[in-house]
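Notes follow once the structure below has been shown.
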Amino acid sequence: MKSAVWFLLCFLSGTLSLSGETIPQKYPSYAYVLSEFDIDASYAYDRVFETFVQHHDIQFKRLYKRSQQRGEFLLPMVQRQLIEAGLSDLLAYLPMIESGFHTDIQSPKKAKGLWQFMPSTATEYNLTVCHSYDERCDPVNTTEAAVLHLQRLYRKFGKWYLAVMAYNCGEGRVSQAIRKAGSDELSTLIDERAKYLPKETREYIKRFLLVAMIGESETIDFGNINTSQESGIVQVEVKGGTDLRDIALLLKMESEVLASLNSQYKKGRVPGGPGSYKIAIPYEKLIRFYLHYNPVPEEAAEVADRKEHFVSHIVSEGETLKKIAEKYRTSIPEIRAANHLRESNLLPERLLIIPVTEEKFESLVRGQSQ
């Protein structure tokens, strides 16, 4: 009798899908996802949202799977930047629905890259867009810009679902919609009859929430991806004019994969001329890079007897090159050369590669195993 009453209540309230499952039943993460974006949990029972989920969940499950695979090296970096900025790591689902984690994809409206920045927005956040170099396709730098943009939108609107919608259609459109509706409630703003916001934006927020619920309800949670420095990608410096295929060969990785991580460089080559440029490589390839990549000549000349063993070191507050060199029984010129350092000041949390003797390397390994 109790189950029959429950079925009748669900039917009358419109919360029973054709598959026999409500959103809370199908996606146990729903309350967490909605709360992260300042949405009341009751939105899971909104009929329009239920219908959208029922019609699109299979489609977006496929998108999630493909994007998760494609973003193997990118996801940890995106989540780490969000967390370090004090934002929800669930905002990493934005580039998933924006670009599917393609770093060089371009929309018909000329938005481009992982976060689909328009040229004007890129310029606002000091991202270079020119014939030979499009920084919107640099996953690290454009994520830094996206974090700043999202922070600004949240400061303006005070609710994350409003910031997400403003990311899609612009803050002016959202402000105008709020004035017309006389409310900033989600259900009001995306009402299909009132059409306060463009249809694309009304669909956008629903897509975003659905993909987030799919990801957070997976057996292996999106939220449990390793976001430490040791996962994902890291930036290193190479000489101007470097061909990425040469670096891929040096790193023993597919050139297409390295190119996809650095699609800001046209034709797989960094701009020519003096100076150096940053490229992204998988963290797991970092030691190999420093072992085999020839540093610029002036740096190499400072080191008479280059060491062939390397360890990683995260800079602590107040640490200097002198202290680090003494700790590892190496020299300042060797640390500078290995990391292509030109400045003396070190920022906390910076990753350094430290050249050490074989004896010191084995000592450190023994210490970690004990």
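Tabulated results
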quantity: Verdict on ASP104 being acidic (Asp, Glu), under 20 Å from LEU127 (Cα atoms) and surrounded by 15 or more Cβ atoms within 10 Å (Cβ to Cβ); calculated: yes
quantity: In the range 245-275, the residues that are open to solvent by less than 40 Å² (accessible area, probe 1.4 Å) and assigned to a strand (DSSP E or B); calculated: TYR265
quantity: Cross-chain or 6+ apart pairs with Cβ under 6 Å, the range 79-93 first and open to solvent by less than 30 Å² (accessible area, probe 1.4 Å), then of a type in the set (D, E, K, R); calculated: GLN79/ASP89; LEU82/ASP89; SER88/GLU36; LEU90/GLU36
quantity: Filter result (buried (at least 16 other Cβ atoms within 10 Å of the Cβ) and polar (S, T, N, Q)) within the range 126-145; calculated: ASN141, THR142, THR143
quantity: Residues being in a helix (DSSP H, G or I) and open to solvent by 50 Å² or more (accessible area, probe 1.4 Å) - total across the range 173-187; calculated: 5
quantity: Neighbours by Cβ (under 8 Å, 6+ apart or cross-chain): first from the range 32-51, more than 18 Å from GLU203 (Cα to Cα) and open to solvent by less than 40 Å² (accessible area, probe 1.4 Å); second β-branched (Val, Ile, Thr) and in a helix (DSSP H, G or I); calculated: none
quantity: Given (1) part of a helix (DSSP H, G or I); (2) out of contact with any helix residue (DSSP H, G or I) (no Cβ under 7 Å at 6 or more places or on another chain); (3) farther than 15 Å from TYR204 by Cα, index of the condition GLU72 fails; calculated: (1)
quantity: Residues located in the range 188-207, provided they are without any contact (Cβ under 8 Å) to a residue 60 or more places away in the chain, buried (at least 16 other Cβ atoms within 10 Å of the Cβ) and among the basic types (Lys, Arg); calculated: ARG202
quantity: Selection status of ARG173, at negative phi, in contact (Cβ under 8 Å) with a residue 12 or more places away in the chain and touching a strand residue (DSSP E or B) at 6+ places or on another chain (Cβ under 6 Å); calculated: no
quantity: Qualifying residues in the range 107-125 (those that are aromatic (Phe, Trp, Tyr) and in a loop (DSSP other than H, G, I, E, B)) - the one surrounded by the fewest Cβ atoms within 10 Å (Cβ to Cβ); calculated: TYR125
quantity: Test: residue in the range 158-170 that is under 26 Å from SER260 (Cα atoms), touching a strand residue (DSSP E or B) at 6+ places or on another chain (Cβ under 7 Å), outside any loop (DSSP other than H, G, I, E, B) and without any contact (Cβ under 8 Å) to a residue 40 or more places away in the chain; calculated: no
quantity: Search result, residues across the range 309-355 that are of a type in the set (Gly, Ala, Ser), open to solvent by less than 40 Å² (accessible area, probe 1.4 Å) and in contact (Cβ under 8 Å) with a residue 40 or more places away in the chain; calculated: ALA337, ALA338
quantity: Single unsatisfied condition, GLU192 versus (1) at pLDDT below 95; (2) outside any helix (DSSP H, G or I); (3) in contact with a Ser or Thr (Cβ under 9 Å, 6 or more places away or on another chain); calculated: (3)
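The rows are residues; the columns are (1) modelled with pLDDT of 80 or more; (2) touching a helix residue (DSSP H, G or I) at 6+ places or on another chain (Cβ under 6 Å).
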{"position": "LEU291", "(1), (2)": "no, no"}
{"position": "PHE310", "(1), (2)": "yes, yes"}
{"position": "HIS313", "(1), (2)": "yes, no"}
{"position": "LYS323", "(1), (2)": "yes, no"}
{"position": "ASN345", "(1), (2)": "no, no"}
{"position": "ILE354", "(1), (2)": "yes, yes"}
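The values are calculated or read from the model by the stated rules, or taken from the named source; none is laboratory data. Source: prediction; values computed, not measured. FYI the Cβ positions are ideal-geometry reconstructions off the backbone, even for glycines, and counts take in every protein chain you see. Just the protein is used for accessible areas: all its heavy atoms, side chains included, with ligands, DNA and RNA removed. Shrake-Rupley method; radii C 1.70, N 1.55, O 1.52, S 1.80 Å.
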